[in-house]
Amino acid sequence: MRGKTVIVTGSTSGIGAALAGAFAGTGATVVLNGLGGAEEIEAARRTLAERHGVEVLYHGADMTRPEEISDLIASTERRFGAVDILVNNAGVQHTDRIEDFPPEKWDALIAINLTAVFHATAAALPLMKRKGWGRVINVASNHAFGGGVTKCAYVATKHAVLGLTKVTALETAGSGITCNAICPGWVKTPLVDAQIEARAARDGLDIEEATWRLLIEQQPSGRFTMFEQLGAAALFLASDAAANMTGSSITQDGGWTAL
Ligand code: NAD
């Protein structure tokens, strides 16, 4: 991927950080984004750049703010001359039954998990079209295919991201641009740690037992999907091998959606 510029939204933690690392490992220029402390983010940025000998920049766009998303895309193009690969990964979770779900949480999940994908894609596509090449990779979820109790906003946004993936694919078909989704099941990140801790507290379990029950209820393999596996999927989608794959999705969920 040397010579290519990749933006990974929500890459200061979890899956996004792993995908940024995977692209940096192939020589790509990487733009990090996400929330966090300035010192931690700068340390992560420097480590990634030095480890792989690539340029790594951080842009602090808040994914709830359309004008900051536009600036993320525009300033990347100004600095590096292109946005070749856009990974829409930033995402948040909140769990509550519908009647108890705080409306402001609903709005936040819609904004970050879904509307940000629209704004970033809309800003990046003209740049990709000008070059006649581009990759949009949306990190959706197994929850793009089925429901989950207490996850109304998350499930709604992930189904919608898959729909947006298909429309992006259709509107760019034949242009050298593809758009696909990666749909992980459980991956051990802070987003899932919070759910494990909530389950442990609710059911009076230790963390190990709560982790196992969370996994085995829905992920038949009984194993977390690993960062390296997600990185390999993203690199495949960006590669020439996937040039005719668009509007599609890769599930990495240990059999969850086969149930
Ligand atoms: P995480 O909490 O580790 O990381 C989320 C990232 O999004 C962080 O970098 C955070 O700073 C960023 N972010 C949150 N709000 C933001 C905002 N307003 N502006 C900019 N950045 C913001 O979570 P994760 O598990 O790595 O999740 C990453 C993606 O993977 C999400 O879209 C999530 O829905 C999806 N996913 C996760 C799992 C899982 O099991 N962890 C499974 C399926 C899908």
List every residue pair whose Cβ atoms lie under 8 Å apart, where the two residues are 6 or more positions apart in sequence or sit on different chains, the first residue falls within the stretch 184-202 and is of a type in the set (Asp, Glu), and the second residue, located anywhere, is in a helix (DSSP H, G or I) and more than 6 Å from the ligand (Cβ to nearest atom).
-> Glu197/Ile207; Glu197/Ala210
What are the residue pairs meeting all of these: first residue in the stretch 153-169, first residue closer than 15 Å to Ala122 by Cα, second residue small (Gly, Ala, Ser) and surrounded by 24 or more Cβ atoms within 10 Å (Cβ to Cβ), Cβ atoms under 6 Å, and 6 or more apart or on different chains?
-> Val161/Ala140; Thr165/Ala181
All positions within the stretch 207-244 that are surrounded by 15 or more Cβ atoms within 10 Å (Cβ to Cβ) and among the aliphatic types (A, V, I, L, M) = Ala210, Leu214, Leu215, Leu230, Ala233, Ala234, Leu235, Leu237, Ala238, Ala242
Would you say Thr172 is away from the ligand (no atom under 15 Å from the Cβ) and open to solvent by less than 40 Å² (accessible area, probe 1.4 Å)?
-> yes
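Rundown of residues vs (1) within 13 Å of the ligand (Cβ to nearest atom); (2) acidic (Asp, Glu); (3) open to solvent by 60 Å² or more (accessible area, probe 1.4 Å); (4) in contact with a helix residue (DSSP H, G or I) (Cβ under 8 Å, 6 or more places away or on another chain), yes/no style:
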position	(1), (2), (3), (4)
Thr5	no, no, no, yes
Gly10	yes, no, no, yes
Gly16	yes, no, no, no
Leu19	yes, no, no, yes
Ala22	no, no, no, yes
Ala28	no, no, no, no
Leu35	yes, no, yes, no
Glu40	yes, yes, yes, no
With the checklist (1) in a helix (DSSP H, G or I); (2) within 19 Å of the chain's Cα centre (by Cα); (3) surrounded by fewer than 18 Cβ atoms within 10 Å (Cβ to Cβ) in hand, flag the one item His94 doesn't pass.
-> (1)
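The values are calculated or read from the model by the stated rules, or taken from the named source; none is laboratory data. Being a predicted model, the structure only gives us computed values, none of them experimental. Note that we place each Cβ from the backbone using ideal geometry, even for glycine, and neighbour counts take in every protein chain shown. The protein model used for the area step is the full one, side chains on, heavy atoms only, and it has no ligands, DNA or RNA in it. Shrake-Rupley method; radii C 1.70, N 1.55, O 1.52, S 1.80 Å.
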